[in-house]
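These notes concern the structure reproduced below.
Since every read-out is calculated from the coordinates, none of them should be taken as a lab result. Since we're looking at a predicted model, the values are computed, not measured. For neighbour counting, all protein chains shown are included, and Cβ atoms are generated from backbone atoms with ideal geometry for every residue, glycine included.
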Amino acid sequence: MPCPFLGSLNQAFVKNYGATLMKQYGNYCPIISRGFRSLGNDETKCPFIQQNSIISEAPKEMTEDIAEPATPYHYENFFHDQINAKKRDYSYRVFRKVSRLAADGVYPKALEGPENRRVTVWCANDYLGTSRHPTVQDAAVNAIKSYGTGAGGTRNIAGNSQMTEKLEGEIAKLHKKPAALIFSSCFVANDATLSTLAKILPDCIVYSDAGNHASMIQGIRNSRAPKHIFRHNDPNHLRKLLADSPKGVPKLVVFETVHSMSGAICPLEEMCNIAHDYGALTFVDEVHAVGLYGKHGAGIGEERGLQDKLDIVSGTLGKAYGNVGGYIAGSSLLVDTIRSLAPGFIFTTALPPPVLAGSLAAIRLLASEEGRNLRAKHQAIVRYLKLSLLVAGLPQLPSVSHIVPVPIKGADKVALVAESLMKRGHYVQAINYPTVARGDERLRFAPGPYHTPEMIDNLITALIESFHENNIRFSEFMINGTCRECSMEYKVDIGYEEPLKYPMQVA
Ligand SMILES: Cc1ncc(COP(=O)(O)O)c(C=O)c1O
């Protein structure tokens with residue numbers, strides 16, 4: 001007869017803790033207590049276990065699911081190796097402690113490091129200083145007072161409000177589309193929209209620009225749809241790939257207007273026309289253009305009168321609009337489909353009241369006359385920086401937008417120059433892998449309407465000193481307006497017609 005007491009316990013447990021069990025419960029068991037007596041003085045040995053081979057040697061099948069005490073995996077060692085690899089190739093990122101100041105007269109300065117040193121910020125994507133504009137600040141503060149700081153849930157559960165829908169209406173109007181949808185960031189907007197769309201459209205094929213931002217790459221990957229990559233901003237390559245594509249299947253052509261790291265602007269009309277010739281939908285990221293180009297700040301699509309050619313536009317509320325969040329705009333049915341199916345939209349807390357109110361105020365501000373003035377000042381100061389670099393013989397990549405990249409090859413070198421600049425009171429982050437390819441390291445300057453020519457003059461002096469300090473030769477980078485490294489012509493006249501507001505006597 002099996003022991004009703006031991007039989008209810010795990011075999012391994014009985015094996016390991018037999019002695020203790022005997023001590024605690026032996027006296028209550030008529031059979032075991034008999035065994036104690038017959039064994040005389042050795043009270044610690046369980047007679048049952050000793051004599052009963054079923055328990056002392058359990059069959060293999062009974063014990064094989066009991067894990068051997070293995071050496072535990074060394075998680076921390078693994079993380080240590082990962083970090084070390086990043087440090088060895090200089091791609092390990094160190095975030096600077098920089099608190100950007102918002103008050104009049106001090107913006108675009110910031111407090112840096114433990115001593116709160118004042119430095120000038122050159123790399124913020126708050127391109128027009130909208131995050132500290134009084135109208136935008138007031139809207140955010142009032143919204144907190146009326147509705148609190150948080151949304152309270154997903155859009156489906158307590159997170160939808162009149163303001164949410166007003167903001168989506170404003171975005172749709174800006175892009176001349178029937179509908180818009182907001183997300184927690186444009187990374188999420190791009191990822192959620194592309195992964196959902198390319199997954200649900202039957203047999204969808206994606207055509208993706210080689211320079212696309214990580215958010216679009218991730219969305220396309222997550223969809224698992226077949227994809228073709230065309231050379232950056234190369235409409236001929238796009239046409240060639242599309243010409244080989246099967247007819248009648250859904251296709252998405254995905255690209256950015258203003259490239260975030262080079263400042264290049266895509267041949268928008270040509271790329272849209274080619275996509276449409278082959279029956280594809282265009283997905284156009286205007287993240288670095290919204291607020292900055294076009295009469296109302298809708299981006300390159302508006303500036304070039306091409307808004308109707310952009311089937312799906314994505315944009316951010318976190319850069320020129322000075323808040324946080326992202327969006328898409330497109331047809332009502334497309335937007336409703338993403339709203340209904342994209343997990344990245346459905347299962348997350350909605351944008352909070354101050355962000356909704358601040359973004360709404362920012363979009364309206366930049367669509368107004370004041371916005372147009374800010375844009376004109378912005379372009380003027382960008383031109384001043386480009387000309388000043390040229391005159392000083394400092395390198396720059398041939399950007400036709402507000403982004404001014406200064407190439408410094410090598411992650412170690414670019415970090416050293418950034419550090420030298422910081423010592424001199426100028427904050428610009430070194431850009432390296434994986435944001436750009438190895439060998440394409442750079443400093444990325446984004447001057448805004450609140451930077452003055454004097455600040456730029458100081459920056460140029462600091463750059464010259466920092467190049468010398470780190471033994472970087474620069475004096476012959478440009479020859480007769482042509483880049484020595486890539487032979488590209490540097491266009492000083494970037495083609496903006498707004499009158500220049502700053503003194504430009506740099507010759
Ligand atoms: C081209 C591009 N698209 C999308 C994003 C993501 O935007 P957000 O910062 O709103 O997530 C970025 C961010 O830098 C970007 O450069």
## Note on the structure
In nm, the gap between the two label points placed 7 Å beyond Cα toward Cβ at Lys173 and Phe347 is 3.6 nm
#### Entry: Percent breakdown of C-alpha pair distances by 5 Å bin, ordered from the shortest bin, for the stretch 319-367
5, 17, 22, 21, 22, 13, 1
### Query
Zone of Ala158 (label point 7 Å along Cα→Cβ, backbone N under 11 Å): which residues in the stretch 350-372?
none
## Note on the structure
The answer for Lys251, listing residues at least 5 apart or on another chain whose modeled amide H is closer than 5 Å to its amide H, is Ile205, Leu281
### Task
Express in whole angstrom the spacing between the alpha-carbon centres of the stretch 393-472 and the stretch 341-357.
36 Å
### Task
Please work out the FRET efficiency for the pair Asp104 and Glu270, using the Cβ-Cβ distance as r and a Förster radius of 60 Å; give the result to the nearest 0.05.
0.85
### Query
Based on the Cβ-Cβ distance of Glu76 and Asn142, what FRET efficiency does E = 1/(1 + (r/R0)^6) give at R0 = 56 Å, to the nearest 0.05?
0.75
### Query
Gap in Å between the Cα centre of the stretch 104-139 and the Cα centre of the stretch 199-221?
35 Å
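Sort 291-299, 312-320 by the packing proxy (mean of other Cβ within 10 Å over each peptide's residues), most packed first. Let's see the in-between values first.
Details: 291-299: 24.8, 312-320: 27.3.
Highest-to-lowest ranking by the protection proxy: 312-320, 291-299.
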### Query
Hey, fewest Cβ within 10 Å first, where do Ile229, Ile205 land in order?
Ile229, Ile205
### Message
Using the basic label-point model (7 angstrom from Cα toward the beta carbon), what is the Thr149 to Glu370 distance in nanometres?
### Response
2.7 nm
### Query
Spin-label point model (7 Å from Cα, Cβ direction): what's the Asp336 to Thr135 distance in nm?
3.4 nm
### Distance violations [Cα-Cα > 22 Å] among Lys173/Lys386; Lys176/Lys295; Lys109/Lys377; Lys87/Lys386
Lys173/Lys386; Lys87/Lys386
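Assuming R0 = 35 Å, can you tell me the calculated FRET efficiency for the pair Asn470 and His232, based on Cβ-Cβ distance, to the nearest 0.05?
The value I calculate is 0.75.
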## Note on the structure
Over 27 Å (Cα to Cα) among Lys227/Lys309; Lys166/Lys199; Lys227/Lys319; Lys97/Lys409 -> Lys166/Lys199; Lys227/Lys319
